[in-house]
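Right, one structure below, let's go through it.
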Amino acid sequence: MATGGINRGATTARVDTAGREARLNRLGPFEENTIISHRQLVDLALQTLRHRYDLVATEFPPYKQGVVFDFIGFSRLRKEIRIIECKTNRADFLADDKWKGYMPYCTHLAFLGPKEVFFKEELPKEIGVIRPRLAKLRNGTLKMQWYYERGCKRLGNVSANEYLAILEGFAGQYALCSWNCQKRGQKPRYRYD
């Protein structure tokens with residue numbers, strides 16, 4: 001089992017439901033008063049998926065497209081672009097339908113947020129639903145993890161124009177970050193393999 005509930009063998013037909021239930025029972029639900037910030041959810045997506053993709057970014061704008069993705073992961077070998085939209089409150093979810101415009105830019109789209117924010121029945125079946133959980137580590141500390149309530153289905157291939165806009169967005173972000181960090185004598189935060 002990988003950290004964060006990612007099952008790298010998820011494409012196989014065999015599903016270990018008993019093991020999954022046992023793992024979920026070890027994870028505690030959030031208290032009703034627990035407030036999860038948007039930044040915490042975006043950081044959770046980043047820490048969970050950053051090693052699975054060649055390029056990752058948060059609050060990412062594709063070049064000259066007028067949209068911003070909470071999290072994007074790009075894999076050349078798998079020809080996969082995964083976008084995760086993070087929601088922390090019900091009003092934001094109900095008022096925001098920009099995510100429908102994200103679908104041409106990705107092969108997989110998922111929503112990350114607590115159960116009281118949105119229900120899986122409110123989203124199309126090909127859209128993934130990810131829930132945060134608190135896990136108690138062996139040393140007694142709590143760590144936020146996630147699990148898929150409903151996995152993502154491949155939406156289709158990304159057209160050449162959207163693919164190019166994403167690559168140009170990464171190139172622009174990387175160049176800007178590198179230039180700013182050189183100016184300050186720091187290392188860039190963006191990861192590129």
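The table below gives the values:
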item	result
Output for region 56-82, where each listed residue is over 11 Å from Leu46 (Cα atoms), open to solvent by less than 10 Å² (accessible area, probe 1.4 Å) and assigned to a strand (DSSP E or B)	Phe60, Phe69, Phe74, Ser75, Ile81
Single condition Pro29 does not satisfy, out of (1) modelled with pLDDT of 85 or more; (2) surrounded by fewer than 16 Cβ atoms within 10 Å (Cβ to Cβ)	(1)
Given (1) in contact (Cβ under 8 Å) with a residue 40 or more places away in the chain; (2) assigned to a loop (DSSP other than H, G, I, E, B), index of the condition Met103 fails	(2)
Where Gln182 falls short, out of the listed (1) open to solvent by 80 Å² or more (accessible area, probe 1.4 Å); (2) under 15 Å from Tyr63 (Cα atoms); (3) modelled with pLDDT under 80	(2)
Contacts under 8 angstrom Cβ, first residue in region 84-100 being surrounded by 12 or more Cβ atoms within 10 Å (Cβ to Cβ), partner of a type in the set (S, T, N, Q), 6 or more apart	Thr88/Ser37
Failed condition for Lys143, given (1) part of a strand (DSSP E or B); (2) in contact (Cβ under 8 Å) with a residue 12 or more places away in the chain; (3) open to solvent by 30 Å² or more (accessible area, probe 1.4 Å); (4) not hydroxyl-bearing (Ser, Thr, Tyr)	(2)
Matching entry among Lys153, Lys125 (being farther than 27 Å from Pro61 by Cβ and either under 16 Å from the mean Cα position of the chain (by Cα) or assigned to a loop (DSSP other than H, G, I, E, B) (or both))	Lys125
Matching residues, region 112-140, being under 19 Å from Ala45 (Cα atoms), in contact with a strand residue (DSSP E or B) (Cβ under 7 Å, 6 or more places away or on another chain) and open to solvent by less than 20 Å² (accessible area, probe 1.4 Å)	Leu112, Gly113, Pro114, Phe118, Ile127, Gly128, Val129, Ile130, Arg131, Pro132, Ala135
Only one of Leu49, Leu109, Leu41 that is aliphatic (A, V, I, L, M), surrounded by fewer than 20 Cβ atoms within 10 Å (Cβ to Cβ), touching a strand residue (DSSP E or B) at 6+ places or on another chain (Cβ under 6 Å) and touching a residue at least 40 places away in the same chain (Cβ under 8 Å)	Leu49
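The values are calculated or read from the model by the stated rules, or taken from the named source; none is laboratory data. The structure presented is a predicted model; accordingly, all values stated were derived computationally and were not measured. Methodologically, a virtual Cβ is constructed for each residue, glycine included, from the backbone with ideal geometry; neighbour enumeration extends over all protein chains shown. Areas reflect the complete protein model, heavy atoms only, side chains present, ligands, DNA and RNA absent. Shrake-Rupley method; radii C 1.70, N 1.55, O 1.52, S 1.80 Å.
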